[in-house]
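First comes the structure, then the notes that go with it.
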Amino acid sequence: MVDVSQQGIDFERSPDTYRHWQLAYDGPVATLTISVDPAGGLRDGYELKLNSYDLGVDIELHDAVQRLRFEHPGVKVVVVTGGLDKVFCAGANIQMLATSSHSDKVNFCKFTNETRCEMEDATSLSGQTYIAAVNGTAAGGGYELALACDEIVLVDDKSSAVSLPEIPLLAVLPGTGGLTRVVDKRHVRRDIADVFSTRVEGVRGAQAVEWGLVDVVAPPSTFADVVARRAQERAATSNRSDSDEGIELTPLRPSVQGDTIVYSCVSVSLDRSTGSAHIAVHGPAGEQPATAPELAAGGDRSWILAAARQLDDAILRLRFNEPSVGTWVLHTRGDSDAVRGAESVLVDEPSQWLVNEVRLLWARVLRRLDLSARTLVAVVEPESCFTGVLAELLLVADRSFMLDADGTADVRAPTIRLTKINDGLLPMSNRLSRLESRFWQRPDDLERALDTVGCDLDARSAMAAGLITFAPDDLDWDDEIRMMLEERNSFSPDALTAMECNYRFVGPETMETKIFGRLTAWQNWVFQRPNAVGADGALRRFGTGTRPTFDRHRV
């Protein structure tokens, strides 16, 4: 039952392979039930008791959220509930955390929170509202699952409670945004939140409503009716399609051999000597859908959807399976006009449900790149097609190199092209476009860059517009790239992660930037402290009947 093969963790799932979730449909309402198989852990060494979860449970949830958006446009409300008696979800499995490496813990927390953000994204931007029907105790990450929903209904059975007990029990913090969502999303008063987050037994019944931790409570006799009524009320206000058919998300099935991962639109090649992964997104071949009906007819075979799904899968595989590969070099291959043609439907028919979902998927995939603890480098070569949606790969990078082929007769000069899609249609976690983030508080530079929309820019023009970092000529190109990769590989990855995270998110804070910024700082620190993970720490002592030993010094 261990899902980790010699090729590493596989992120492909489908409802017929789920071990931990059940999906049911009743008109505009879908019910997503967590019923975790205790023996279905992603690796050996722990049991998933009381609906506790590990990465494998969250991979299934991620798949379910994506399928609900693409395959079921008629679903307007998703009710998330527990499949065990008097248990909603006990949160992340403690034995799993205690026996995981530090990087695995942090990657797990990050992916878990990205999945919660996908649920919130569906509620706010797709008209598919998530409601938590908390049928029993929701502790730690279990309550955080409920917090990701737009409404929380708690059963009032005199025993079921919501809690965030990590601090008193485990000497760590809620790792998937719980503290932030309590005050920023549910607007719980900070002194009340302080009490709540240090109360092991949690809060139940009317007090949970009074404190703002849940929206409503109902006794067991009317709980199902209250949830159904609220679901129907929210469905009535949704702008989701009533008649359109969804499209099936078919398996990606990449070829994974040695140091390469190959999909139809994306390829990855590892260079372990420089600790780098070369990720190439290949542009469309052949005619692509130009209208929403054509996009629906093309299904997930359409380049604009297939490339996003494959890039997302590649990012996750590299994050979890290749933690020592610290630099990702972003390439594109293909024809710029073909990319512009394939993305045109996203600009021309933005309100159509499927078009909206494809655009939102691209936005989420690019945000996953933003949030990856890796150095991102874009390389613009003669065969590149950094245009429109693929130009975002240039803008996402920490630095970029573009070949200056002026005067080189036998080398085609590469170009880049911004389109309307780069002007805010694919926002970052700070809700700014990557151009706005790049030129934060420099309106003249932003306007100068936007003035180039639709133009093919060579290296010198791109440099003048502030869109690239360096423009080596053909003689220096190979040495410049090689030296940059070798230098980056010589630096401390811890320091690089901290630096990159600081520089990527400028301007206004949002709940999302707070969650991930705090995740990077808090979990990278707390998860390494002996009070939590030492031999006498709380994670190690949990469940043994022996209290942890704490170093009482504040740092």
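The values are calculated or read from the model by the stated rules, or taken from the named source; none is laboratory data. The structure presented is a predicted model; accordingly, all values stated were derived computationally and were not measured. Here the Cβ is made from the backbone with ideal geometry for all residues, glycine too, and neighbour counts use every protein chain on show. To get the accessible areas, we keep the full protein, side chains included, count just its heavy atoms, and leave off ligands, DNA and RNA. Shrake-Rupley method; radii C 1.70, N 1.55, O 1.52, S 1.80 Å.
Probe radius 1.4 Å, ligands and nucleic acids ignored: give me the carbon and sulfur share of the accessible area of the chain as a rounded percent.
Carbon-and-sulfur percentage of accessible area, whole number: 49.
Under a 1.4 Å probe, what is the accessible area of region 398-533 per residue, stated in Å²?
52
So, taking all protein chains as they sit and a 1.4 Å probe, how much accessible area belongs to HIS187, in Å² rounded to tens?
Result for HIS187: roughly 140 Å² accessible.
Per 0.36 nm of contour for each residue apart, how much would the distance between ALA228 and ILE192 grow if the chain were fully extended, relative to their Cα-Cα spacing?
Roughly 9.9 nm would be gained on extension.
Between ASP456 and ASP410, what length in nm is gained on full extension when 0.36 nm per residue of separation is reduced by their alpha carbon distance?
Contour length minus Cα-Cα distance gives 14.6 nm.
Counting DSSP beta bridges with both partners in region 1-100, what percentage is antiparallel, nearest 5?
Roughly 55 percent of the DSSP beta bridges within region 1-100 come out antiparallel.
Along its three principal axes, how long is the chain when you only count alpha carbons? Whole Å, largest extent first please.
80, 58, 47
For every helix of n ≥ 4 consecutive DSSP H residues, a contribution of -39,500 (n - 2.57) applies; sum these over the chain, divide by its total residues, and give [θ] at 222 nm rounded to the nearest 500 deg cm²/dmol.
-11000 deg cm²/dmol
Suppose R0 equals 45 Å; then what is the FRET efficiency for MET463 and ASP37 from their Cβ-Cβ distance, rounded to the nearest 0.05?
Computed FRET efficiency for MET463 and ASP37: 0.20.
Hey, what's region 289-345 come to in accessible area per residue, 1.4 Å probe, Å²?
Accessible area per residue, region 289-345: 28 Å².
Can you say what percent of the DSSP beta bridges in the chain, counting only those with both residues inside, are antiparallel? Round to 5.
The antiparallel fraction comes to roughly 35 percent.
With r as the distance between the Cβ atoms of SER101 and GLU509 and R0 = 51 Å, compute the FRET efficiency 1/(1 + (r/R0)^6) and round to 0.05.
0.95
Over the chain, what is the mean sequence separation of C-alpha contacts under 8 Å (at least six apart), divided by residue count, expressed as relative contact order in percent?
12
Taking 0.36 nm per residue of separation and subtracting the Cα-Cα distance, what length does fully extending ALA24 through GLU294 add?
Stretched fully, the ALA24-GLU294 segment lengthens by 94.3 nm.
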